[in-house]
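The block underneath contains the structure these notes are about, expressed in structure tokens.
None of the figures in this text is laboratory data; all of them are computed from the coordinates on show. Quantities reported herein were computed from a predicted structural model and do not represent experimental measurements. Positions of Cβ are generated from backbone atoms using ideal geometry, with glycine treated the same way; all protein chains shown enter the neighbour counts.
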Amino acid sequence: SKGGYDHFMLKEIHEQPQTIRDTLRGRVSDTNQVMFPELKLSREQLLNFNRIVIVACGTAYHAGMVAKHFYEALLRRPVEVSVASEFRYSDPIVDQHTLAIIISQSGETADTLAALREAKVKGATTLAVVNVVGSSIARESDEVIYTYAGPEISVASTKAYTTQLIALYLVGLYIAEQENRLGPTVVAGYVELLKALPAQVAQVLKLGPEIKELAQGLSKSSSFFFLGRGFDYAVAMEAALKLKEVSYIHAEAYAAGEMKHGPLALVEPGVTVVCFATQSALYDKMLSNVKEITARDGGAVALVKDGDEGLDTRSVDSVLRIPSTHDWFMPILAIVPMQMLAYYIAAALGREIDQPRNLAKSVTVE
Ligand code: M6R
């Protein structure tokens with residue numbers, strides 16, 4: 001049942017504090033160390049990997065993009081993230097020194113399953129991050145880490161994504177710890193921040209009424225751009241997918257620095273540009289991107305951390321303020337308002353929402 005919500009999508013958005021808590025439970029100890037009783041991988045095996053490939057489709061692929069940034073920062077190894085339908089036909093460079101991480105909510109996506117098989121045939125060790133227990137991908141992978149999102153009914157994925165991120169963060173911290181890259185105190189500090197996320201997501205959910213109002217106006221936009229750099233670019237990709245699938249408004253994500261290499265030509269009144277500025281090192285660069293947009297009369301919405309004083313609020317049409325954590329973990333807090341924005345724009349336009357046209361929850365055809 002929809003538990004009093006108009007749609008499953010909205011219900012599932014609101015379940016995220018709980019599903020994040022459930023995905024952390026049993027994986028973090030009282031002393032804030034990461035535990036994965038389900039993993040059979042030894043320390044020697046972990047040290048033997050010289051690269052990581054991450055393979056998935058859609059939203060799960062976007063979770064993989066976040067993980068790439070995190071793992072490269074933390075593990076200092078090359079991490080490649082591929083769309084499963086590309087990976088499987090590209091004769092990928094994978095061998096017994098590769099850890100292949102396969103991400104899938106359903107565990108049944110045809111291309112993702114085929115990519116898992118391809119990685120295995122080539123000798124990689126496979127680790128699947130899956131939501132549906134006993135699904136094909138879970139059964140065929142060497143190692144499985146379950147997300148505890150519970151059943152996700154809405155075709156547009158929300159709670160599966162944030163729990164995938166949690167599982168992927170934990171895997172990174174676990175590997176870093178096993179390899180002695182991070183000491184127990186540092187790991188504990190990060191785990192403490194992960195444990196604070198459910199309450200922070202609950203805070204973000206309180207922006208609902210504000211976002212609903214904003215959505216009324218934005219639903220008249222002809223097109224959207226979502227801009228970010230680094231982790232924010234990964235989140236922008238997911239935000240654009242959410243909006244297009246439930247509202248049917250054209251939306252695309254761009255690495256913010258790419259705008260002036262072409263897409264800026266499309267910015268004009270009626271086009272809304274959502275700028276993510278949650279990454280400290282890239283903050284000033286994002287502010288100049290905001291100026292590029294408003295100078296061309298595009299509508300600008302900025303997403304910033306609470307307490308951010310750097311943004312001249314007169315320079316944008318709206319500002320969404322979200323709680324702050326380590327830059328690495330900001331994607332969890334940044335996507336939630338975007339899920340709500342997509343939902344409320346779709347609602348304002350009277351879309352189906354839970355079952356968008358042309359789409360299926362699980363893509364079991366190739
Ligand atoms: O079940 P999976 O995670 O393998 O599904 C992958 C994609 O089909 C899925 O994330 C799709 O992109 C969603 N509709 C996005 O909201």
Cα convex hull of region 60-141 - mean projected area over all directions, nm²: 4.9 nm²
Calculated from DSSP H runs of 4 or more alone, at -39500 (n - 2.57) each and per residue, what is the 222 nm mean residue ellipticity of the chain, nearest 500? -14000 deg cm²/dmol
In a Gaussian network model of the chain with springs linking alpha carbons closer than 10 Å, the residue among Met237, Met35, Met338 that fluctuates most is Met35
Could you let me know the centre-to-centre spacing of region 289-327 and region 242-275, using Cα atoms, in angstrom? 15 Å
Using only the alpha-carbon atoms, how far is helix 110-121 inclined from the longest principal axis of the chain? Give it as 0 to 90 degrees, nearest 10. 30 degrees
Compute the whole-percent fraction of alpha carbon pairs in the chain spaced more than 30 Å apart. 35 percent
DSSP-loop trypsin sites (Lys or Arg not before Pro) across region 157-249, with at most 15 other Cβ within 10 angstrom: Arg181, Lys206, Lys220
Residue of Gly58, Gly228, Gly307 that the Gaussian network model of the chain assigns the largest fluctuation, springs spanning Cα pairs under 10 Å: Gly307
What do you get for the angle between helix 159-178 and the principal long axis of the chain? Use alpha-carbon atoms, 0 to 90 degrees, nearest ten. 50 degrees
Quick check on region 255-330: take the gyration tensor over C-alpha atoms, sort the square-rooted eigenvalues as a ≥ b ≥ c, and tell me if it's rounded (a/c under 1.5), prolate or oblate. prolate
Between the residues Thr272, Ser318, Met286, the Cα farthest towards the positive end of the dipole of region 258-366, that dipole coming from +1 and -1 charges on the beta-carbon of Lys, Arg, Asp and Glu, is from Thr272
With a 10 Å cut-off between alpha carbons and a GNM built on the chain, which of Thr294, Thr163, Thr125 moves the most? Thr294
Using alpha-carbon positions, the gyration tensor of region 1-103 gives root eigenvalues a ≥ b ≥ c; with a/c under 1.5 called rounded, otherwise prolate if a/b exceeds b/c, else oblate, the class is oblate
Counting only DSSP loop positions in region 24-79, the trypsin sites (Lys or Arg not before Pro) whose Cβ has at most 16 other Cβ atoms within 10 Å are Arg25, Lys40, Arg76
For a quick check of your reading of the filter: which GluC sites (Glu not before Pro) in region 244-279 sit in a DSSP loop and have no more than 10 other Cβ atoms within 10 Å? none
Based on Cβ point charges of +1 for Lys and Arg and -1 for Asp and Glu, what charge dipole magnitude is obtained for the chain about its Cα centre, in debye rounded to the nearest 20? 180 debye
